[in-house]
Amino acid sequence: MKIADKTISKLLLEYKKVTEAELKKLETESSTKKVSIQQLALKKGLVTDYELAVWYSDVIDVPYVELEPSKIDGKYLKLIPEKTATRYRAMVFGEQDGVFKLAMEDPDDVEAVDFLQKQLKSKPALFLTSKQSMSAALDLYGGGDVSGELTKVIAEDVEAESEKVEVKEEEFAEDSPIAQTVTLLIEYAVKAGASDIHIEPREEHVRIRYRIDGVLKEADKLPKKVQAALISRIKILANLKIDERRIPQDGRFKITKAGKMFALRVSTLPIADGEKVVIRLLDESNKALSMEDLGFWGSSLKTINEAIIQPHGMVLVTGPTGSGKSTTLFSVLSLLNDNTVNISTVEDPIEYKIEGANQTQVNTKTGMTFASGLRALLRQDPNIIMVGEVRDSETADMAVQAALTGHLVFSTLHTNNAATCLPRLLDMGVEPFLIASTVRAVIGQRLVRHVCPDCRVSYAPDATQTEELTKMFGLSSAGDFKQLHELEQIAQQQGVGKKDGDLSTTTSKVARLWEASEKGCESCNGNGYKGRIGIYEVLENTTDIQTLIMNNESADKMQEKAIELGMTTMQLDGLIKALRGQTTIAEILRVTRE
């Protein structure tokens with residue numbers, strides 16, 4: 001959908017996305033950079049692709065349609081071949097009174113409309129749809145289960161030797177069955193929303209598993225004969241050494257799927273039955289979420305918002321690998337990012353690109369460690385510094401010194417909760433008075449699976465379940481239930497969870513909880529869960545906590561004092577989100593039980 005500059009300028013003003021002055025700047029920039037106003041407006045986030053599609057449908061008098069893949073009958077996919085549908089970004093999604101309904105991203109493309117009309121052998125009713133909507137619908141081509149599709153592809157390569165080590169070049173060429181296999185593995189990972197693909201050689205087969213919403217699920221078992229060629233193909237894509245099988249290797253490459261750019265990080269590891277490969281998928285088109293969208297609310301949201309606007313000091317994020325620490329920092333830095341500040345980072349690896357920030361990749365082979373990178377950053381006149389991880393005493397000491405000398409420093413630590421982070425810095429040799437005076441707040445976090453809103457099941461806990469609940473979450477008195485009820489009211493007011501006006505608690509009991517449907521539904525692919533959400537605790541470094549740090553008190557005492565001062569723990573935050581229909585008790589216990 002290409003919209004003329006004159007038309008889009010008029011639309012931006014009409015829908016009050018820009019002022020006259022801002023539009024003039026946009027037009028000047030468009031002329032200078034020789035890009036369309038449409039491209040600039042989308043890049044700057046002034047307007048979404050969906051909004052443009054809806055507005056433009058009125059301009060050209062073609063109705064807008066939001067395609068729902070689950071409601072498109074497979075028979076319509078056969079009317080337009082996949083290559084044609086992908087080339088012209090067009091799809092038949094239904095019919096009425098014998099007339100096919102054809103959705104297109106650009107119904108103004110006369111040549112495309114004419115070609116598709118000949119393909120359908122009739123004149124269709126035209127509809128306009130957005131880029132994202134079309135991408136989701138085009139994923140229907142090649143549908144089915146990954147096992148069935150891979151079996152078809154691999155069946156073409158039956159003559160491969162069973163114990164092959166030497167791999168011929170033609171076996172992993174672009175159009176070979178092995179290349180198609182790798183493409184299919186990645187495509188299904190994208191469609192399923194997987195964060196990782198695990199390719200694991202076993203004695204008799206090669207096991208393929210996907211990590212979806214934090215949980216590994218087996219997708220298929222491939223014949224042992226394809227192992228060498230499969231891994232060689234992945235190594236070629238990631239620019240790794242094909243003939244090196246004795247040591248671990250790391251690489252990366254990029255692909256575009258469903259209209260999105262993905263960075264794929266590849267890691268190989270020699271194991272008993274060959275080389276294991278793990279591919280991490282990072283969606284580079286992801287925009288930073290607001291703190292509320294991440295799952296912050298109440299006192300946690302207030303504390304973090306106050307901490308990140310300080311002119312100097314340190315904010316730390318803690319949690320195990322895969323708990324969403326990088327995503328939280330990406331959102332915080334994007335929130336603070338503007339033309340008046342210099343944001344500099346040193347990371348390993350750079351997972352999210354932040355426009356306007358200066359991001360440095362750690363490279364131990366060349367001597368670029370977190371400590372040496374941070375030392376160099378301090379000579380670059382930064383306002384805000386992000387260190388990917390505090391791993392040693394040198395990095396910890398330099399980060400604290402940077403926070404003392406007028407910089408706002410963000411970093412991560414691997415500890416179980418927020419309170420444990422402070423004694424961990426003491427263990428690294430940082431002086432107590434330095435920790436007390438520089439640390440502003442510590443965020444502890446985990447990721448839990450979001451229960452599917454379309455098929456979740458509500459239930460009233462019986463006496464036994466209520467007793468278990470009180471033990472799990474320490475609800476020992478009437479005052480605890482009253483506090484829980486008050487917290488749920490705050491969460492409801494701040495838009496956490498269910499949109500209805502019903503509360504799941506009273507001042508004396510938990511009246512309702514939610515669980516995942518056993519069979520799931522089409523929306524969640526039968527999983528019962530869809531996506532993930534964070535549960536958090538934010539420890540504010542108050543004067544009382546500072547006193548405990550100076551006295552070298554334990555993490556337990558700091559935790560007790562923080563709770564006494566009003567900190568919502570991760571478990572309690574999770575319980576509130578379970579009461580609001582966002583997750584389940586089973587999920588909270590899965591990620592917080594120590």
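The table for this structure:
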item	result
Long-range tail of P(r) for the chain (Cα pairs > 39 Å, %)	42 percent
Centre separation in Å (Cα based) which lies between segment 208-275 and segment 563-581	39 Å
Convex hull volume of segment 416-464 per residue (C-alpha atoms, cubic angstrom)	157 Å³
About the Cα centre, charge dipole magnitude for segment 56-137 (Lys/Arg +1, Asp/Glu -1 at Cβ), debye	460 debye
Residue-averaged 222 nm ellipticity for the chain, from DSSP H runs of 4+ at -39500 (n - 2.57), nearest 500	-11500 deg cm²/dmol
Whole-Å semi-axes of segment 485-594's equivalent ellipsoid (Cα gyration tensor)	32, 17, 11
Dipole-positive endmost among 370, 177, 496 within the chain (Cβ charges, Cα centre)	177
Along each principal axis, Cα extent of segment 210-296, largest first, Å	47, 26, 25
Mean Cβ neighbour count within 10 Å, used as a protection proxy, ranking 418-426, 306-314 highest first	418-426, 306-314
Partners for residue 519 among aspartates and glutamates (Cα-Cα distance below 16 Å; same-chain residues under 8 apart left out)	454
Ellipsoid equivalent to segment 512-576 - semi-axes via the Cα gyration tensor, in Å	39, 11, 9
Equivalent ellipsoid, segment 36-131 (semi-axes from 5 times Cα gyration tensor eigenvalues, Å)	25, 14, 13
Vicinal HN-Hα couplings computed from phi for segment 19-25 (Karplus, 6.51 cos²θ - 1.76 cosθ + 1.60; Hz; Gly/Pro x)	8, 4, 5, 5, 5, 4, 4
37 °C / 0.692 mPa s Stokes-Einstein diffusion coefficient of segment 362-488, Kirkwood radius on C-alpha pairs, µm²/s	178 µm²/s
Segment 243-380 shape via C-alpha gyration tensor axes, a/c threshold 1.5	prolate
Entries of 191/217; 16/260; 302/577; 257/287; 43/257; 43/83 with Cα pairs more than 23 Å apart	16/260; 43/83
Options 360, 270, 125, ranked by Cα towards positive dipole end of the chain, top entry (Cβ charges)	125
Cα centre as origin, Lys/Arg/Asp/Glu Cβ charges: the chain dipole, Debye	520 debye
Dipole of segment 44-109 [Lys/Arg +1, Asp/Glu -1 at C-beta], most positive-end residue of 79, 64, 91	79
The chain: antiparallel DSSP beta bridges as a percent of all, rounded to 5	70 percent
Cysteines, the chain, no other Cys beta-carbon under 4.7 Å	421
Kirkwood Rh in Å, taken over segment 250-291 so that all alpha-carbon pairs contribute	12.0 Å
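FYI, it's all coordinate maths here, none of it is from the lab. Everything numeric in this text was worked out from a predicted model, so none of it was measured. As a convention, Cβ positions derive from the backbone with ideal geometry for all residues, glycine included, and neighbour counts pool all protein chains shown.
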